[in-house]
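The values are calculated or read from the model by the stated rules, or taken from the named source; none is laboratory data. On a predicted model such as this, the values are computed, not experimentally measured, just so you know. Quick reminder, even Gly has a Cβ in these numbers, built from the backbone with ideal geometry, and neighbours come from all protein chains shown. All accessible areas refer to the heavy atoms of the entire protein, side chains included, with ligands and DNA or RNA removed. Shrake-Rupley method; radii C 1.70, N 1.55, O 1.52, S 1.80 Å.
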Amino acid sequence: GKFEPSIYKIGCTQAIKNKWIEMGKSAVSRKVQHVDDRVRDLLVQIQKGEEVSAQDIDALKRRKLISSQIWKGFSVKKGPNYTPKRKKMATDLTREHLQRGDWKEIEFKEYNFLAKGQPTDGGCLHPLLKVKRQIQLIFLQMGFEEMATNNFVESSFWNFDVLFQPQQHPARDSHDTFFLKEPSTTRSLPEDYVERVKQVHESGGYGSRGYGYEWKREEANKNLLRTHTTAVSSRMLYALAQGKFAPKKYYSIDRVFRNEAVDRTHLAEFHQIEGLICDRGLTLGHLIGVLEDFFSRLGMSKLKFKPAYNPYTEPSMEIFSYHEGLQKWVEIGNSGMFRPEMLRPMGLPEDVQVIAWGLSLERPTMILYGIDNIRDLFGHKVDLSLIKRNPICRIGLN
Amino acid sequence: MPTVSVGRDRLFKALGRTYTEEEFDDLCFKFGIELDDVTTEKAILRKEKHLDEEKPSEDEEVIYKIEVPANRYDLLCLEGLAQALRIFEGLDPIPTYSLANIGQESMLKMHVKSETSKIRPYVVCAVLRGVTFDEARYNSFIDLQDRLHQNICRRRTLVAIGTHDLDTIEGPFTYEALPPPEINFIPLKQTKNFRADELMQFYKSDMKLKKFLHIIENSPVFPVIYDRSRTVLSLPPIITGAHSAISLKTKNVFIECTATDLTKANIVLNTMVTMFSVYCERKFEVEPVEVIYDDGKSYISPDLSLYQMMVNLSYIISTIGVSLPAHEVARSLNKMQLHAKHSVLENNETGFTISVPPTRSDILHPIDPQILNQFTDLIKEEIAMAGYTEVLLFILCSYNENFTMLNRKDDKSTAVINGNPRTAEFEVSRTSLMNGILKSIGHNKDHPKPIKIFEVGDVVLLDETKDVGASNRPHLAAVYCGVTSGFELIHGLVDRVMEVTGNPFVSPGDKTGYYILSSNEPEFLPGRQASIIYKGKQVGTFGIVHPQVLDNFGIPDPCSYMEVDIESFL
């Protein structure tokens, strides 16, 4: 009879192989009388669900006569929440729920509290400026008045000479200071005061010997980007000396510029914090007292003072604080009493003293937030996500 | 501190009563001045001539020497002292000074020639009409000029005052600078003609005037003021002309102040006119003059406008340390010629709107930095609340970043330039916040969009009115960077800033608020940018950042940007 081509193929090849048939020219002839078709037997066995050896299964598989199937079975029984009607779980409470009143029946799909919520969309303030604000508040609470610091451009006169910093001093080197090409010199200076400053530099006075060098007006005229906010303090004290004297407490927190090499913790511009008190009869004891008050408000109550040198203060003290985390003493600022060579030419009465101190804004901020590269805190390379993640500044809150 | 000598009896007459020395001492103490010395006119003369002291006779005029604060130019004459004390005692209200209501066309004109900029650039003028002088008033008028010359004018180097009998001269006037031999006139107190160069020689032996010669003597051109018939009014700062000299008969006074410092010139002129307008036919009224420069710029002088400021009551109280009710504080302010009007400030606190009259040029700000800082902080909060993140950027940048990369040209009149930068990034101080903000976006390219950042910070500009030649201006800038440019959102932020600073949106030309005009700046896309005009002045701009600029800063997404000068809102 006729067979389907696929069936014929299977059967033919094997039949020839087993020498059951012979392929003639026009017909196929039988070679043996009886066929022992083992394959057929195996297949029938499998069909019946009887066990077959793994070897045989492999052979049959290879010939693609059988293919294995995975048959999964589940045993199902009624659970505790079984209900004949299907219940839908809500993901949110909506207006419709409230209006329809069916909020009483709905069940909420369990919320995954291991994941975070949706980030808020608002803006935020800059970390360094948040610290600045807190420190400003501390000064204001201590009764200090803010100085007008909105002038980055200053003359060498106010930045150096008035402070009794001699004209040959290395800090006045172009290596450390940004001198200006435009406007290169200051337009005017108070002439009678200039005379007195010149005198005190050259030959002293007010109990001082002076520096004994030739003071040059051209040097004083040179404009620069201020290297410290003490330049502003000079102007304020001079203005104070022109009227009837009254004690003052001033502070400022603003930008200063240094033409030094930049590295991980130093930039060409940074913010200086400065405080000063001007009154009759002030002593080093007063300075230490104020420093202890000020720094304790910043959270630093363990202080040590080291004698130091500063061209415009005498005596001068470096301020150290014990850092619990780092387990060591860390320098946090500088302080001192302004020299008579600076105060007397201004016209301040002889019994008036000025105590002052300063520190940078960036350093304590970096220590506070664990930032080790200043460019991660200040400037255009700051990652905006860092600004957003920065917590409220707690300085002064305890 | 300056001392003013006034005749005791004249002063008491002006005050409306007599005082014992103790009583007067007490009044001075309460006000804040000091009776330094009591002497007589003759004793002063004797002292000047180094003669022996004699006991003063009964008919000698008693002179009070009163010490006044160095910044109170309004107390440098009897008129000013009397007025201040009368207001302090509640006898008089604070005077309202006004400009005569004449049209601009009827005003006298002072034309300024450009050569004056080489030696003495500024001039301000005013007219006092219908004045009546007697000997005492005349002397007081001259004395005040002398005192102002000594003090605020810094011995005439900064400002010089010239006063003239207006009926002897005729406008329009010109303020010029000419080579000395070309100037020829009869100076005050002389009878013959002098050329200006001859005059310099002549005055070398004059005890009073020789100290002022140095101010102009080495200049190739001397400043000079002419009237329409080429009569010389004055050769500032040396001497005025004899022709226009003031006498007891003068009825109309023309005052001109030439200067190298415009601010001080205005203070000086204001002091002169406010003190002596009390003698005008229309009391406290001053007639304005128009000053016109070669380039067409002009202004009306004097500027007698009241300076207004808002002060918090609690601030005043905490500064003094005494708890005073608001009306007491207001009364005290009024006593000092500061007109105080009760007002409720933004945060519902009690405060005052204080109008500072032109006589109180010593009132600059209620402590500048405190006000500016608080204002800045409040603005920052509003911007952050609008969803913008604050950044803090560098003042120093490269010349390219400040100009070329922003498509801007440097006209050499704005930027402060460093002489010794180590690298290009320290070449100049920023004249706008834009380059820093764009650099910040460039470094945060991969931050999720939209990126909304802002900065409130100082820019540095050349400024001839400052002693160092430059000053800081506080600016606010913000940028939106996203899939779309956000132009209308930045525009909305501009509106928001104006809303929180209390400035109403008005129609173009209206000076009571702000309006927006299309602009044409190179850093923005043409047609998608505008200027913000506030009270008639441009205070800022906003627009879509020009694609070329975006490319220069390596920013792949569209941005809209705004920048305003916030000091304009104070």
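Numbers at a glance
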{"read-out": "GNM result for chain A, Cα springs below 10 Å: residue of A:V354, A:V39, A:V76 fluctuating most strongly", "value": "A:V39"}
{"read-out": "For the range A:127-389, radius of gyration divided by Kirkwood radius, i.e. Rg to Rh on alpha-carbons", "value": "0.97"}
{"read-out": "Histogram of C-alpha separations across the range A:59-119, 5 Å bin width, %", "value": "3, 11, 11, 11, 10, 11, 8, 7, 6, 7, 6, 4, 3, 1"}
{"read-out": "Relative contact order of chain A, defined on C-alpha pairs under 8 angstrom at six or more residues apart (%)", "value": "15 percent"}
{"read-out": "25 Å Cα-Cα reach of A:K244 towards lysines, excluding residues that sit fewer than 8 places from it in its own chain", "value": "A:K198, B:K30, B:K65, B:K264, B:K335"}
{"read-out": "Most mobile listed residue (A:I66, A:I138, A:I106) in chain A, GNM with C-alpha springs under 10 Å", "value": "A:I66"}
{"read-out": "Angle in degrees between helix B:262-276 and the longest Cα principal axis of chain B, rounded to the nearest 10", "value": "40 degrees"}
{"read-out": "Cα centre as origin, Lys/Arg/Asp/Glu Cβ charges: chain B dipole, Debye", "value": "940 debye"}
{"read-out": "Solvent-accessible area of A:S68 with every protein chain in place, 1.4 Å probe, in Å² to the nearest 10", "value": "90 Å²"}
{"read-out": "Those residues of the range B:376-418 for which accessible area with every protein chain present is at least 50 Å² below the isolated value (1.4 Å probe)", "value": "B:T389, B:E390, B:L392, B:F394, B:I395, B:L396, B:I417, B:N418"}
{"read-out": "Candidate lysines - alpha carbon under 28 Å from A:K9, same-chain residues fewer than 8 apart omitted", "value": "A:K17, A:K19, A:K25, A:K31, A:K48, A:K61, A:K64"}
{"read-out": "Carbon plus sulfur fraction of accessible area for chain A, probe 1.4 Å, in percent", "value": "51 percent"}
{"read-out": "Descending semi-axes in Å of chain B, equivalent ellipsoid built from Cα gyration tensor", "value": "51, 31, 21"}
{"read-out": "Accessible area, probe 1.4 Å, largest first, for residues A:W357, A:W329, A:W103, A:W71", "value": "A:W71, A:W103, A:W329, A:W357"}
{"read-out": "Sequence-distant residues sharing a close amide H with B:I292 (under 5 Å, placed H)", "value": "B:M110, B:H111, B:V112"}
{"read-out": "Inter-chain Cβ neighbour average for residues A:147-157, partner chain, 10 Å", "value": "6"}
{"read-out": "Shielding by partners, peptide A:259-265 (average Cβ within 10 angstrom, other chains)", "value": "2"}
{"read-out": "Pairs of Cα atoms farther than 46 Å apart, the protein assembly as shown, %", "value": "46 percent"}
{"read-out": "Top of A:T91, A:T186, A:T149 by mean-square fluctuation, Gaussian network on chain A, Cα under 10 Å", "value": "A:T91"}
{"read-out": "At 1.567 mPa s and 4 °C, Stokes D of the range B:433-476 from Kirkwood alpha-carbon radius, µm² per second", "value": "104 µm²/s"}
{"read-out": "Kirkwood-based shape ratio for the range A:263-398, expressed as Rg/Rh from alpha carbons", "value": "1.03"}
{"read-out": "Cα convex hull of the range B:98-301 - mean projected area over all directions, nm²", "value": "10.6 nm²"}
{"read-out": "The range A:291-341 - Rg (one decimal) and Dmax (whole number), Cα, Å", "value": "12.2, 42"}
{"read-out": "Cα convex hull of the range B:3-89 - mean projected area over all directions, nm²", "value": "6.0 nm²"}
{"read-out": "Hits among aspartates and glutamates - C-alpha to C-alpha of B:K537 under 15 Å, sequence gap 8 or more where chains match", "value": "B:D510, B:E563, B:D565, B:E567"}
{"read-out": "Along each principal axis, Cα extent of the range B:1-149, largest first, Å", "value": "57, 41, 29"}
{"read-out": "Solvent-accessible area buried by pairing A with B, both sides, nearest 100 square angstrom, 1.4 angstrom probe", "value": "4700 Å²"}
{"read-out": "Over the range B:3-89, relative contact order from alpha-carbon pairs under 8 Å, at least 6 apart, %", "value": "43 percent"}
{"read-out": "Pairs from B:K208/B:K249; B:K118/B:K211; B:K449/B:K511; B:K297/B:K439; A:K249/A:K328 whose Cα-Cα separation, in the structure shown, is over 30 Å", "value": "B:K449/B:K511; B:K297/B:K439; A:K249/A:K328"}
{"read-out": "Filter on B:K251/B:K283; A:K222/B:K409; A:K132/B:K466; A:K132/A:K388; B:K380/B:K452; A:K181/A:K222 - keep pairs with C-alpha separation over 20 Å", "value": "A:K222/B:K409; A:K132/B:K466"}
{"read-out": "Given charges at Cβ of Lys, Arg, Asp, Glu: chain A dipole, positive-most of A:G79, A:G204, A:P364", "value": "A:G79"}
{"read-out": "Most positive-pole-ward Cα, B:V545, B:L178, B:Q150, against dipole of chain B from beta carbon charges", "value": "B:L178"}
{"read-out": "Equivalent ellipsoid semi-axes - Cα gyration tensor, the range A:236-313, angstrom", "value": "26, 20, 13"}
{"read-out": "Chain B - Cys residues lacking any other Cys C-beta under 4.7 Å", "value": "B:C28, B:C77, B:C125, B:C153, B:C257, B:C280, B:C397"}
{"read-out": "Fraction of antiparallel bridges per DSSP, chain A only, in percent to nearest 5", "value": "95 percent"}
{"read-out": "Simple Cβ-charge dipole of the protein assembly as shown, Lys/Arg +1 and Asp/Glu -1, about Cα centre, in debye nearest 20", "value": "5900 debye"}
{"read-out": "Accessible area (Å², per residue) of the protein assembly as shown, counting only protein heavy atoms and a probe of 1.4 Å", "value": "52 Å²"}
{"read-out": "Packing rank of B:15-24, B:397-406, where each peptide gets the mean count of other beta carbons within 10 Å, highest leading", "value": "B:397-406, B:15-24"}
{"read-out": "Shielded by partner chains, the range A:116-141 residues - at least 50 Å² of accessible area, 1.4 Å probe, vs chain alone", "value": "A:G123, A:L125, A:L129, A:R133"}
{"read-out": "Heavy-atom accessible surface of chain B: percent carbon and sulfur, 1.4 Å", "value": "51 percent"}
